[in-house]
Amino acid sequence: DTYIPQISEKIRLYKELDAMTNEDQLNIFIEGLKDRFGQLPEQLEQLTYVVRLRWIAIKLGFERIVIKNGIMLAYFVNNQTSPYYKTDLFSNILGYINNNPQRSRIKEQNNKLLLRVMGVDSMERAYNIVFQMKKAVYNC
């Protein structure tokens, strides 16, 4: 509220942020905010990682990511008969998880397959974990 006090301006900026599709757009957005309002507060820095995390999650086939109490739950495609589960991408993700058992586990919950990752204390940390997964998966 102290960084951008006007509610209408915040809503407009949230919508603009939500519509971004790449890092260049996000960097221009961030620089524009800095020019208008000054250095970004920590909460807004973390919000930029939410956007980045969403981009990677979509590429990896996660439909939803929830972070609560230091645990990240990344939900795979809900339809268990989806062709996604027969792709090299999914196989590579499983390989990554098997190679990093100290960090993550596959779990089934309410007939949904999800990835559970411990020790996620910020959006930046969540982004970094999923970014490393993307690098490993796409380099396989």
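The values are calculated or read from the model by the stated rules, or taken from the named source; none is laboratory data. Computed from a prediction, not measured in an experiment: that's the story for all the values here. Quick reminder, even Gly has a Cβ in these numbers, built from the backbone with ideal geometry, and neighbours come from all protein chains shown. Note: areas computed on protein heavy atoms with side chains; ligands, DNA, RNA excluded. Shrake-Rupley method; radii C 1.70, N 1.55, O 1.52, S 1.80 Å.
Tabulated values for the structure
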read-out	value
Test item: Cα-centred dipole of the chain, Lys/Arg +1 and Asp/Glu -1 on Cβ, debye	620
Long-range amide H partners of Phe76 with built H, under 5 Å	Glu63, Leu113, Leu114, Leu115
Rounded percent of accessible protein surface that carbon and sulfur make up, region 1-108, 1.4 Å probe	52
Between region 91-123 and region 24-51, the alpha-carbon center distance in angstrom	29
Top of Gly95, Gly119, Gly38 by mean-square fluctuation, Gaussian network on the chain, Cα under 10 Å	Gly38
Karplus 3J(HN,Hα) series, Hz, for region 33-49 with 6.51 cos²θ - 1.76 cosθ + 1.60 (x for Gly, Pro)	5, 4, 4, 7, 10, x, 3, 5, x, 4, 4, 6, 4, 5, 5, 5, 6
Peptides 122-130, 75-83 ordered by average Cβ neighbours within 10 Å, highest first	122-130, 75-83
Accessible surface, the chain, averaged per residue in Å² (probe 1.4 Å)	62
Neighbourhood net charge (15 Å Cβ-Cβ; Lys/Arg +1, Asp/Glu -1) for Tyr49	-2
Charge dipole (debye, nearest 20) of region 1-41; +1 at Cβ of Lys and Arg, -1 at Cβ of Asp and Glu	160
Max mean-square fluctuation residue, GNM over the chain, Cα-Cα springs under 10 Å, options Leu26, Leu73, Leu40	Leu40
Bins of 10 Å, starting at 0 and running to the largest distance - Cα pair percent for region 41-93	21, 47, 24, 8, 1
Rounded to whole Hz, the Karplus (6.51, -1.76, 1.60) HN-Hα couplings of region 11-16, x for glycine and proline	4, 4, 5, 4, 5, 4
Value of relative contact order over the chain, rounded to a whole percent, pairs C-alpha under 8 Å and six or more apart	24
Listed candidates (i) 1.06; (ii) 1.18; (iii) 1.12 - label of the one calculated as Cα Rg over 2.2 N^0.38 Å	(ii)
Spatially proximal lysines relative to Lys34 (Cα-Cα < 28 Å; intrachain offsets below 8 disregarded)	Lys10, Lys15
Residue-averaged 222 nm ellipticity for the chain, from DSSP H runs of 4+ at -39500 (n - 2.57), nearest 500	-17500 deg cm²/dmol
